[in-house]
Every structure is written in structure tokens, then in C-alpha cells.
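J.: Structure incoming, see below.
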Amino acid sequence: MKRLLPLLFALGASAQAPDLKQRAAQAARELGQVLMELLGQEMARGGYEGAVRACSETAQIVTEEFAHERGLEIRRVSLKARNPKDQPDEWEAARLREWEKTYRPGQPPEEIFEIVEEDGRRYARYMKPIVVQAMCLGCHGPREKMSEEVRSLLDERYPRDRATGYKAGDLRGAFTVTIRLDGR
């Protein structure tokens, strides 16, 4: 894949934008499915406590392996991150703030795809919103409604947790995909 990136740049990113957007959107969708399956399995085995353990022990590793296999950078980000690794960069934070200004439950924001230049390099950048589902509330809802075990695990594993207080339908964050175009 790395050998193809200079070719994409030489052909012009705009000519390749639909393919890049499709690739990024597919990666975000597939990662979302993988993580939902992981959480569903853990919840079936260990309830919300199992889901917290899976997120803190496995979800980041699964995400990193998924990205590596596809030759791109993919993460989950939020302005109210639980895991410090999920802090948005400047571009992502600006898009998340834009979404928050216009977000209405039941009307998720449109995905974003842009070709950008950062630090002298060109990238295809993609973001897909993550909306809180009812099943997420056992770990991301109001703290007073969580089980004592979940609160204890969250306090232990995420002492600076800001990812609670949501209700179903709230904007949680985004899947974000970055594809380097210039190959340098």
C-alpha cells in the first residue's frame, strides 16, 4: 500500500477523493461493528463490568491492530474522552465542536471528508459521528444510575473520566480516519 500512496498523490487527491472517502467510511463502519461485537460478547459474559474491562484492556488494542492491517490511522475521539488516547487532535476537535453546535437527537451530523495539509503533508481526513445507544448508558449514562461495580471500575481505570452523563441519542464523539497521501 505504501507504494501506492505517492501514485495517488501524483494523480491528484481530488481524482481519488471518492475512493478514499469510501475506504475511510468502510473502515470506520467495520471497526464500529467489531467493537460492538466485542462489547456485546463481554456484556453477555460479565455485564457492564465486563464491558468496562473490555474497553480498558482490549478495545484500544483491537483498534490499533485493525488500523495497522488496513494501512491507515483510525481512532475513536471525543471532547469528553474517557481514555487519554481518545483525545482529539486540533482538526478533530474543531469538527466535533461544529457538530455539537448543530446537533439534534435523532438527526446525527453528516460525516466529514476533507483533503487537508498539515505540517507540510497532505492527508485525507474522515469523521463519522458516534451516537450514544441505550446499551451504552450502563457505562456512559448518569453516574448515579450506574452500578457500584461499574463506578468503581471506571474510577480505578479512568481517574479523569469525562465520558458519563450521556443519554440515548446524544453525540458521543466520532470515528476518525486519516490517510496520508504524499508518502513522505
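J.: Net charge near Arg45, counting Lys/Arg +1 and Asp/Glu -1 over other residues with Cβ under 15 Å of its Cβ?
T.: Every neighbour counted, the sum reads -4.
J.: Pick out the long, greasy-scoring helices in the chain: whole DSSP H runs spanning 27 Å or more along their own axis by Cα, mean Kyte-Doolittle at least -1.0.
T.: Once both thresholds are applied, what remains is 13-54.
J.: Just want to confirm a number: the relative contact order over the range 4-180, from Cα pairs under 8 angstrom separated by 6+ residues, in percent.
T.: Contact order relative to length: 29 percent.
J.: Just how large is the dipole of the range 87-184 about the Cα centre, in debye to the nearest 20, putting +1 at every Lys and Arg Cβ and -1 at every Asp and Glu Cβ?
T.: Roughly 140 debye, rounded to the nearest 20.
J.: Return the lysines within reach of Lys101: Cα separation strictly under 21 angstrom, same-chain partners fewer than 8 residues apart disregarded; answer none if there are no such residues.
T.: Lys80, Lys128, Lys167
J.: Please report, in debye to the nearest 20, how large the charge dipole of the chain is about its Cα centre when each Lys and Arg carries +1 at its beta carbon and each Asp and Glu carries -1 there.
T.: 260 debye
J.: For the range 84-184, go through all pairs of different Cα atoms, get the mean of 1/r, take its inverse, and jot down that Kirkwood value in Å.
T.: Taking the inverse mean of 1/r over all distinct Cα pairs, the range 84-184 comes out at 15.4 Å.
J.: Which whole-number value in Å³ per residue fits the convex hull of the alpha carbons of the chain?
T.: Taking only Cα atoms, the chain has a hull volume of 118 Å³ per residue.
J.: If you don't mind, another one. How much FRET efficiency would the formula 1/(1 + (r/R0)^6) give for Phe66 and Arg97, where r is the Cβ-Cβ distance and R0 is 35 Å, rounded to 0.05?
T.: Efficiency at R0 = 35 Å is approximately 0.85.
J.: Something else about it: Kindly provide the helix-only [θ] at 222 nm of the chain, computed as the sum of -39,500 (n - 2.57) over DSSP H runs of four or more divided by all residues, to the nearest 500 deg cm²/dmol?
T.: Taking each H run of at least 4 residues, the total per residue is -15500 deg cm²/dmol.
Readers should treat all values here as calculations from the given coordinates under stated rules, not as data from a laboratory. Computed from a predicted structure; not experimentally measured. Every residue, glycine among them, receives a Cβ derived from its backbone with ideal geometry; neighbour counts consider all protein chains shown.
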